[in-house]
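Step one of this worksheet: look at the structure below.
The values are calculated or read from the model by the stated rules, or taken from the named source; none is laboratory data. All values reported here derive from a predicted model rather than from experimental measurement. Heads up, the Cβs are rebuilt from the backbone with ideal geometry, glycines too, and the neighbour counts pull from every protein chain shown.
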Amino acid sequence: MDEIGLYATLFELAGPFLDTRHNEVHATVSCRFARELLTEEGGDPEVVLPAIILHDVGWKVIPEEKQLECFGPYARDRGANRIHEVEGARIATAILERVEYDPAKIRVIANIISGHDSRLVPISLEDQIVKDADKLFRFSEEGFAIDCGRFALDPGRSVAGLRRRIDSWLFTDTAKRVAHRELDKIAGSSGSSRGAD
């Protein structure tokens, strides 16, 4: 199976687990950012791309009515957030085994997924790229619109808040540049004030 066919197959197999929390969009946009980060920062695409496609499949085990308590600006239940990482690693392993992926890479991918939110210090360049691509979703036009809608956020304040978090949230220089670029697009298209508080 060629690379394009493999990743299309992974998206297809992940589909039933991504149909919650806008994760179909999230995985697609995050994958786009991961490819850009791989080009600029290096890293192993055979680890990063399956990891970013599959990193949030574990949300499927969290009831939808509880999900908004587990992430975002009003998160109250960090334990359930941790469950999505552990279950995500388990589900991702099963999917990758189904396509007969390299067992050594499956272990690396599962380890990345099992700490993609809770692990504060990345364990590798690939982990950094997955973490950055995941967070960059919030800076994309698609992610920004989803988050403003689901959390009832003011767009101008959200742009300013995201700008303040770039250096503390993101690891790679490329991700930081991409975050500024994406927020500039949002601010330009929505009329959000660049300096709003």
Report summary line: Apart from one, (1) touching a helix residue (DSSP H, G or I) at 6+ places or on another chain (Cβ under 8 Å); (2) surrounded by fewer than 18 Cβ atoms within 10 Å (Cβ to Cβ); (3) modelled with pLDDT of 95 or more all hold for Ala110; the odd one out is (2)
Requested in this report: Give the residues of the stretch 72-107 that are of a type in the set (A, V, I, L, M, F, W, C), touching a residue at least 12 places away in the same chain (Cβ under 8 Å) and closer than 23 Å to Leu136 by Cα, sorted by residue number.
Outcome: Ala80, Ile83, Val86, Ala89, Ala92
Report summary line: Cβ pairs under 9 Å, 6+ apart or interchain, first in the stretch 173-197 and farther than 25 Å from Ala34 by Cβ and part of a helix (DSSP H, G or I), second of a type in the set (Phe, Trp, Tyr) and at pLDDT 95 or above, ordered by first then second residue, are Ser190/Phe144
Query raised in the report: Among Phe171, Phe151, which is the only one that is aromatic (Phe, Trp, Tyr) and surrounded by fewer than 17 Cβ atoms within 10 Å (Cβ to Cβ)?
Result: Phe151
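Answer yes if at least one residue in the stretch 125-132 is surrounded by 15 or more Cβ atoms within 10 Å (Cβ to Cβ) and among the basic types (Lys, Arg), and no otherwise.
yes
Among the candidates Asp117, Asp127, single out the residue that is among the charged types (D, E, K, R) and part of a loop (DSSP other than H, G, I, E, B).
Asp117 is the lone residue from the list that is among the charged types (D, E, K, R) and part of a loop (DSSP other than H, G, I, E, B).
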Query - Index of the failed condition, Gly43 passing every other in (1) assigned to a helix (DSSP H, G or I); (2) over 14 Å from the mean Cα position of the chain (by Cα); (3) surrounded by 16 or more Cβ atoms within 10 Å (Cβ to Cβ); (4) not hydrophobic (A, V, I, L, M, F, W, C) - result: (1)
